[in-house]
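The values are calculated or read from the model by the stated rules, or taken from the named source; none is laboratory data. Note that this is a predicted model, so its numbers are computed, not measured. In this analysis, Cβ positions are derived from the backbone assuming ideal geometry, glycine residues included, and neighbour counts consider all displayed protein chains. Ligands, DNA and RNA are excluded from the accessible area calculation, which covers all protein heavy atoms including side chains. Shrake-Rupley method; radii C 1.70, N 1.55, O 1.52, S 1.80 Å.
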Amino acid sequence: MANLQEPDDLNNTVRVSARVHEESPYVSRYETDAMVRGVYAGRFFPIYNGEDAVHKYWVLRRKALIYDVPEKPVEISGPDAVPFLEKVVTRHVANLKEGRGRYTLACTPQGGIFMDGVLFHLSTDRYWYVQADGAFETWLLAHSGGFDVEISDPNSRVIQIQGPNAQAIMHAASDGRIDDSMKYFHAGFFELGGQEVYVSRTGFTCELGFEIYAMGEATDHLALWDHLMACGEPYGMEFSSTISMTARRVEAGILGNLTDIDTTMTPYEAGLGWVVDLDKDDFIGRDALLNADQRSLLFGLTCADALPSATSDVLDGDRTVGRMTMGVHSHTLGCGVGYVRFDKPGEWPGRVLRIRLPNDEVHDCEIVDLPFFDPEKKIARGLDRTIPTDGFA
């Protein structure tokens, strides 16, 4: 099951019973008759709300946007939390300091990617794994035998504030407690508007940003939302559906679970070999990865003449050599961009190939390394605070 968010998906909709999935506690603050919901990790979220997507994109890049996102924290706690997590994720856990986060994967025994997300160390023997789309809580429960751990749902909904003004907004929202000393992938408990929440210096855009995790029933969600909006207003912050986030995350080379990566791909094939710590004694999938081909199959694609889209074929001459998993228009680069998954490893970056769209149109395209710009993540790290004043609309 893919969770696509391309332009055509805004019209390819069906009616779904609201009892099946979890509604957002913030929805009353932004819902319009034009809103189109997506479903991710069993949660509804807005993928379109009638807004001007290009305008919202530039607000993200030049000021700040607030998003209601569906990523789902799962809590892993108990005396065996560390050895259990060492077993189920691909990166080291024991050296993850309290108040820090770490991007990591969970693999199948065959070495395929089952889940990606960020692991946070909240306190002694207490961790949150903020999962992407998929049934990760069930996966954890299935592998918890023999470990003294509790797998639970903290019922935390997540808000993201992303953009160059995000730090100033969070400084105001926290009465000055959040400042420049909070570095990328650092996290902690803070009071925002008199309510304790968990805050991390992370996001899904590779802009400077923060994620705010509510504390389940203990949080007055609407009061929290109103407080953040009031703090963001002087800095030009606006609400956006994820339509602007999707464009930016593709530019940043951020991959979507079940769309760009899945159990049929190893971390190496996805270009995520850096997330695999083979020097760990053991983790699910390690044996398979020890002997796996470490060459990537996933690269970026640019197309000057058309908008690439999922399922488009990539051709070398007349031969199909790969398929698109995602495509968007890059407002910064002024062209179509997306991800292509090749059938076989090769020296693909720098090649000029052709893309055949679902309507059978064929256009030239170029294969590039990911991400499409800012490879050192200087923007997200706060090292590059240049506000883009030009760009294609």
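Okay, here's what the table says:
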quantity: Alpha carbon convex hull of the stretch 187-253, projected area averaged over orientations, nm²; calculated: 5.1 nm²
quantity: Lysine pairs meeting the criterion (Cα under 20 Å, 8 or more apart or interchain), as found in the chain; calculated: 9
quantity: 5 angstrom amide H check on S24, placed H, neighbours 5+ away; calculated: F44
quantity: Accessible area expressed per residue, the chain, with surrounding protein chains retained (probe 1.4 Å, Å²); calculated: 42 Å²
quantity: Vicinal HN-Hα couplings computed from phi for the stretch 339-350 (Karplus, 6.51 cos²θ - 1.76 cosθ + 1.60; Hz; Gly/Pro x); calculated: 10, 10, 9, 7, 6, 9, x, x, 7, 7, x, x
quantity: Rounded to 5, percent antiparallel among DSSP beta bridges of the chain; calculated: 95 percent
quantity: Fraction of accessible area attributable to carbon and sulfur, the chain (%, probe 1.4 Å); calculated: 48 percent
quantity: Cα-projected label distance for E23 with D125, points at 7 Å along beta-carbon direction, nm; calculated: 3.9 nm
quantity: Computed log₁₀ I(q)/I(0) - Debye formula, equal Cα scatterers, no solvent, the stretch 68-160, q 0.11, 0.16, 0.22 Å⁻¹; calculated: -0.27, -0.59, -1.17
quantity: Cα→Cβ-extended label distance, 7 Å offset, between H171 and T389, nm; calculated: 2.2 nm
quantity: Within the stretch 73-89: backbone nitrogen closer than 16 Å to the H143 label point (7 Å, Cα to C-beta); calculated: 74-77, 80-89
quantity: Efficiency of FRET between D281 and D153 - r from beta-carbon atoms, R0 30 angstrom, step 0.05; calculated: 0.55
quantity: The stretch 291-369, relative contact order in percent, only Cα pairs under 8 angstrom and at least six apart counted; calculated: 37 percent
quantity: Helix runs (DSSP H) in the chain reaching 30 Å along axis by Cα, Kyte-Doolittle at least 1.6; calculated: none
quantity: Segment K344-F373, extension gain: residue separation times 0.36 nm, minus the distance between their alpha carbons; calculated: 7.9 nm
